[in-house]
1. What is the packing order of peptides 123-129, 248-254, taking the mean over residues of other C-beta atoms within 10 Å and listing the highest first?
2. Roughly what would the spin-label model give for THR61 and ALA9, points 7 Å off Cα along C-beta, in nm?
3. Tell me, what is the Rg over Rh of segment 124-218, with Rh the Kirkwood radius over Cα pairs?
4. Under the √(5λ) rule applied to the eigenvalues of the Cα gyration tensor, what semi-axes describe the equivalent ellipsoid of segment 24-76? Give them in Å, descending.
5. So for the pair ASP178, VAL2, with labels modelled 7 Å out along Cα→Cβ, what separation do we get in nm?
6. Using r as the Cβ-Cβ distance of GLU17 and SER109, and R0 as 45 Å, what FRET efficiency do you calculate, to the nearest 0.05?
7. State the three equivalent ellipsoid semi-axes of segment 9-101, derived from the C-alpha gyration tensor as the square roots of 5 times its eigenvalues, in descending order and whole Å.
8. Once label points are set 7 Å from the Cα along Cα→Cβ at both THR224 and ARG122, what is their separation, rounded to one decimal in nm?
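Values in this text are rule-based calculations from the coordinates and carry no lab data. This structure is a prediction, so every number in the text was calculated from the model and none was measured. Here the Cβ positions follow ideal geometry from the backbone for every residue, glycine too, while neighbour counts run over all protein chains shown.
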Amino acid sequence: MVSFQSKFAHDIEKMREWRETLGYAVDSYDGYLVQFDRYCGAFFPDADILTWDIALSYLQTKREHCDAYVDVIALRNLGRYQVLLGKEACVFPVDYFSYKKRQLPYIMSAGECRRFFQAADRYPHNPANPLIEYTAAVIFRLQYSTGMRPQEARLLRRQDLDFSHCTIYIADSKRHKDRCIAVEPGVMEMCRNYDRIARGMYPGTEIFFPNRNGNRHGAQAISTLFHKCWEMAGNPDVLGRYCTPYILRHNFATQTLTRWMEEGRDFGQFLPYLSAYMGHQTFRETCYYLHLLPERLSKMEYMDISGMIGGAP
């Protein structure tokens, strides 16, 4: 549970609630807002309206960070909300970091993908959080094999997985759209084995991927876990922010389309199914991946889930 302490706290909390009613994940920018909140508490203790001086002063401290654009988005959201309240807050223009939007999503090579999952499989044991080594091995494979959004995977409840029919119900996803997806039996068996372990450690929780307190993981916690696995794999870090859990979703989409192309399938017939499966709001979101295909035509290695925590009690 995040805690805001500056005089911006009230508006930040209300903004989070407002965005949730619009269908956005409530905690998407929590880590960035907490940092901003702490900064204002220390350097602008009496301020409660986002001015250009405050915003630019704060962003100056983040200028060397590769994800500073996310801070801009977080502050833009706060500014927009305060303007709706009738306050004279600053609002960054939508194209303030437009050059970032032209960057293509990062697509892993076969070697990077293989090394990443090998690293996830050997994630070190943590006595204070004994389930995390299993979570690392399973949650990212689940995302990779289904194209789930990171928040969809970490918010899953045990009741959402139907092992008898090999389906997963994704409730209240982006813009409050529910969907039910079919999942490969081998992946579901991996999840079943994980669930046995998790139930043994946290019998009272309904969260499928519980943290050490039996609650849901925060977005930042899963992102940190991803980066630890990425570093353990020895994969390059030159792309900085683009190496996030979301690349697993991008890889699912491009590899599915590549496979269809190699099989000679009619994209016009099959793209609507992929769009529905991935929970896209518009068909255009799915078509976006088509222009990534020319450089992805080489055969990709798919994940090997054989032996994945198969001996779990």
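1. Descending packing order for the listed peptides: 248-254, 123-129.
2. 1.8 nm
3. On the way: Rg = 12.7 Å, Rh = 13.5 Å.
Ratio value, two decimals: 0.94.
4. So the three semi-axes of segment 24-76 are 17, 14, 10 Å.
5. Taking the two extended label points, one gets 2.7 nm.
6. Values: r = 42 Å, r/R0 = 0.92.
With a Förster radius of 45 Å, E is 0.60.
7. 18, 17, 13
8. Spacing of the two 7 Å Cα→Cβ label points: 2.4 nm.
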